[in-house]
Amino acid sequence: DAGVTQSPTHLIKTRGQQVTLRCSPKSGHDTVSWYQQALGQGPQFIFQYYEEEERQRGNFPDRFSGHQFPNYSSELNVNALLLGDSALYLCASSLWGGNEQFFGPGTRLTVL
Amino acid sequence: AQSVTQPDIHITVSEGASLELRCNYSYGATPYLFWYVQSPGQGLQLLLKYFSGDTLVQGIKGFEAEFKRSQSSFNLRKPSVHWSDAAEYFCAVGPNSGGYQKVTFGTGTKLQVIP
């Protein structure tokens, strides 16, 4: 049983570009959350998707958007990249109404 | 608003010594509490969690944590540290309610283990 998978592993972009990160949840899970972890910091909640809708959002600008597909996989899109967007982006999956999230290995985004 | 404080940024212990990592939280009701471990360049692995019931929680790799409501604390302990425990540890708090699962993390404590 595969756990949470994320792609790509690493990504390098330049300022102003757009990026899409992907996440496949653990088998049987229907809810996906995204977190940003800057260097030396704890993960910060970006948003959560369930039934293809954004259910909850952290304190992130509209440049950060997402999508969830019928198979529960999810994408995180970031537009107009800034240097400060460089971070490890973590995806976590869970059951809606559950109380435990399983994290993927993350995507390391570097913005030059 | 929920928040987590991990007062120790960096801790160094000798292999075989005991360990305690501190965590204080702020939350309006009874929270869900978690400890995660992260090795360099890796994702987060759940060590243990507290939802309700017994306030002393056992986790993986020999770790345990105690929920103290009066002190708003959830400190992580291990009686004898192994070199492989060197990593960064994050305490986290989440809502004790169905559905919405916004989890707030502390800034982490980096553990160094010396021979």
>> Going by amide H atoms built from the backbone, whose H comes under 5 Å of the H on B:C23, apart from near neighbours?
In response: B:F74, B:N75, B:L76
> Of B:V57, B:S70, B:A87, which is farthest along the charge dipole of segment B:11-115 in the positive direction, counting Lys and Arg as +1 and Asp and Glu as -1 at C-beta?
Replying inline: B:S70
>> Please compute, for the alpha-carbon atoms of segment A:40-89, the extent along each of the three principal axes and give them in descending order in Å.
In response: 33, 23, 17
> With +1 on each Lys and Arg Cβ and -1 on each Asp and Glu Cβ, how big is the dipole of segment B:58-115 about its Cα centre, in debye rounded to the nearest 20?
Replying inline: 120 debye
> Amide H to amide H, which residues 5 or more places from A:V4 or on other chains are under 5 Å from it, using H placed in the peptide plane?
Replying inline: A:K26
> What is the magnitude of the charge dipole of the protein assembly as shown about its Cα centre, with +1 placed on the Cβ of each Lys and Arg, -1 on the Cβ of each Asp and Glu, and no other charges, expressed in debye to the nearest 20?
Replying inline: 380 debye
> So what is the diffusion coefficient of the protein assembly as shown in µm² per second by Stokes-Einstein at 37 °C and 0.692 mPa s, using a Kirkwood Rh over Cα pairs?
Replying inline: 182 µm²/s
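Tell me, in nm to one decimal, what length is gained between A:T110 and A:A2 on full extension, where the rule is 0.36 nm per residue of separation less the Cα-Cα distance?
Working: separation 108, 0.36 × 108 = 38.88 nm, distance 2.69 nm.
This chain segment gains 36.2 nm when fully extended.
Quick one: pull the percent of accessible area on chain A belonging to carbon and sulfur, 1.4 Å probe, ligands and nucleic acids left out.
On the way: 2510 of 5190 Å².
Carbon with sulfur: 48 percent of the solvent-accessible area.
For A:35-42, what's the mean count of beta carbons from other chains sitting within 10 Å of each residue's beta carbon? Write down the numbers at each step before the final one.
Working: counts 5, 0, 6, 0, 0, 5, 5, 14.
Other-chain Cβ atoms within 10 Å of each residue's Cβ, averaged: 4.
Can you work out the accessible area per residue across the protein assembly as shown, with the rest of the protein chains kept in place, probe 1.4 Å, in square angstrom?
On the way: 10540 Å² over 227 residues.
Here the per-residue accessible area is 46 Å².
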> Between chains A and B, what is the buried accessible area summed over both chains (1.4 Å probe, protein heavy atoms, nearest 100 Å²)?
Replying inline: 1800 Å²
> Picking from A:Q48, A:G106, A:N59, whose Cα lies most toward the positive end of the charge dipole for the protein assembly as shown (charges on Cβ: Lys, Arg +1; Asp, Glu -1)?
Replying inline: A:N59
> Per residue, what volume in Å³ does the Cα convex hull of chain A take up?
Replying inline: 95 Å³
>> Show me, for segment B:74-90, the HN-Hα J-couplings you get by feeding each phi into the Karplus relation (A = 6.51, B = -1.76, C = 1.60, θ = phi - 60°), rounded to Hz, glycine and proline as x.
In response: 8, 7, 9, 9, 8, x, 8, 7, 10, 4, 6, 7, 4, 4, 10, 10, 10
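How large is Rg over Rh for chain B, taking Rg from the Cα atoms and Rh as the Kirkwood inverse mean of 1/r across Cα pairs? Can you show the working numbers first?
Numbers: Rg = 13.7 Å, Rh = 14.3 Å.
Radius of gyration over Kirkwood radius for chain B works out to 0.96.
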>> Please check segment A:85-103 for residues whose accessible area, probe 1.4 Å, is lower by 40 Å² or more when all protein chains are in place than in their chain alone.
In response: A:W96, A:N99, A:E100, A:Q101, A:F103
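The values are calculated or read from the model by the stated rules, or taken from the named source; none is laboratory data. Note that the coordinates shown come from a computational prediction; the quantities given were computed from them, not determined experimentally. Backbone-built Cβ (ideal geometry, glycine too); neighbour counts: all protein chains shown. With ligands, DNA and RNA removed, areas are computed over all heavy atoms of the protein, side chains included. Shrake-Rupley method; radii C 1.70, N 1.55, O 1.52, S 1.80 Å.
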